[in-house]
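Have a look at the structure below before the remarks.
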Amino acid sequence: MTRLLFIGDICGKPGRELLRRGLAPLVRQRGIDLVVANGENAAAGFGITPDIADDLFSYGIHVLTGGNHSWDKKEIVGYMPDHARLLRPANFPAGAPGAGRVVVRATNGVSVAVINVMGRVFMTPIDDPFRVVLDEIRAVRDEASIILVDMHAEATSEKVAMGWHLDGQATIVVGTHTHVQTADARVLPQGTAYITDVGMTGPHDSVIGVDRTAIIQRFLSGRPQRFETATANPRINAVIVDADEATGHAVSIERLDLSADDVETLVAQPAAAG
């Protein structure tokens, strides 16, 4: 059995700092073999920089996925081609920097493929994720029996459709982008673990990570406002999936919603014997 942890959209310094403190003890206490996280909001809520990507990898994240904010920081464009573990959606048109899939080895020696695609409903009209994801799965099938797909999308319907589309073909399909954890985690009939949105790792006393005062003022006035990342009530939203590498099917999926106090409890716990 291989245990995977997928961390919901990392939002700004509060999310990064919580992972700096809590990821290693969480991995230790829960016996995690591979860690994947969506990092497209890691730099002050918009994009990711090379330094931040390096920091997140150093905390123990094996693969970072992206989305519509992947290139918000221009310096990441030159970083992506040389860092295969930082993904961007595979269905961006040909010529986009970086790649949308990678195969990595978990700490238990099992090969795991991670694929990143992006939806089109209420988002940039790029290539069809439903067809592209099948091409990406075919490309890794001989290398990895466990396949994780991050479907970065706005519309619940599009993410649910992707889950059913890939039931039995991917081990895990997780939704990201909307920053609010959904309550529908389950294993679909053909063995694919699914959740519509993993949620956000960042400040939850906010409007999806942004200081709520500016957001409310924008709704009241209709005028542009300067958005700042909030700070209060940082939480880790994630899912843990147990997967059978012999079949490529998921056995279970569990939602996590950890507060800063929960993280400090993990930090204080001794390592398990043996």
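The values are calculated or read from the model by the stated rules, or taken from the named source; none is laboratory data. Note that the structure is a prediction, hence the values are computed from the model and not measured. Reconstructed Cβ throughout: ideal geometry from the backbone, glycine too, with neighbour counts over all protein chains shown. Note: areas computed on protein heavy atoms with side chains; ligands, DNA, RNA excluded. Shrake-Rupley method; radii C 1.70, N 1.55, O 1.52, S 1.80 Å.
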Fill in: Solvent-accessible ranking of Arg212, Arg101, Arg30, largest area first, probe 1.4 Å
Arg212, Arg101, Arg30
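For the range 204-274, take the alpha-carbon Rg, divide it by the Kirkwood Rh, and send me Rg/Rh.
1.22
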Practice prompt. Please grab the % of Cα pairs in the range 139-239 that end up more than 18 Å from each other.
Written response: 56
Worksheet item: Asp135 accessible area, nearest 10 Å², 1.4 Å probe?
Response: 80
Item to complete: Kindly report the accessible area of the range 99-152 per residue (heavy atoms of protein chains, probe 1.4 Å, no ligands, DNA or RNA), in Å².
Response: 43
Discussion item. For Cα pairs less than 8 Å apart in space and 6+ apart in sequence, what is the mean separation divided by the residue count of the range 88-213, i.e. the relative contact order in percent?
Written reply: 18
Worksheet item: So which lysines pass the test for Lys159, namely a Cα distance under 28 Å, with those fewer than 8 places away in the same chain ruled out?
Response: Lys13, Lys73
Worksheet item: Which whole-number percent is the relative contact order of the range 1-128 (Cα, under 8 Å, 6+ apart)?
Response: 20
Item to complete: For the range 1-79, run through the GluC sites (Glu not before Pro) and keep only the ones in DSSP coil with at most 14 other Cβ atoms within 10 Å of their Cβ.
Response: none
Discussion item. Can you say what percent of the DSSP beta bridges in the range 138-235, counting only those with both residues inside, are antiparallel? Round to 5.
Written reply: 40
Worksheet item: From the residues Gly22, Val112, Gly222, which one has its Cα farthest along the dipole of the chain in the positive direction, the dipole being from +1 and -1 charges on Cβ of Lys/Arg and Asp/Glu about the Cα centre?
Response: Gly222
Discussion item. Tell me the Kirkwood radius of the range 1-129: reciprocal of the mean inverse pair distance over distinct alpha-carbon atoms, in Å.
Written reply: 14.9
Fill in: Cα centroid of the range 155-229 to Cα centroid of the range 56-92, whole Å
19
Fill in: 14 Å reach of a label modelled at Gln225, 7 Å along Cα-to-Cβ, counting backbone N of the range 193-208
206-208
Worksheet entry | Percent carbon-and-sulfur accessible area, the range 49-171, ignoring ligands, DNA and RNA, probe 1.4 Å | 50
Worksheet item: When the helix-only estimate is applied to the chain (DSSP H runs of n ≥ 4, each -39,500 (n - 2.57), divided by the residue count), what is the mean residue ellipticity at 222 nm, nearest 500 deg cm²/dmol?
Response: -8000 deg cm²/dmol
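For the peptides 222-228, 151-157, 94-100, what is the packing order when you average, over each peptide's residues, the other Cβ atoms within 10 Å and list the highest mean first?
Final packing ranking: 151-157, 94-100, 222-228.
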Discussion item. For a quick check: with amide H placed at 1.01 Å from N, whose amide H comes under 5 Å from Glu40's, ignoring anything fewer than 5 positions away on the same chain?
Written reply: Ile10
Fill in: Computed over the chain, Kirkwood Rh from alpha-carbon pairs, angstrom
18.5
Practice prompt. Grab the eigenvalues of the alpha-carbon gyration tensor for the range 78-152, scale each by 5, take roots, and send me the semi-axes largest first in whole angstrom.
Written response: 22, 15, 10
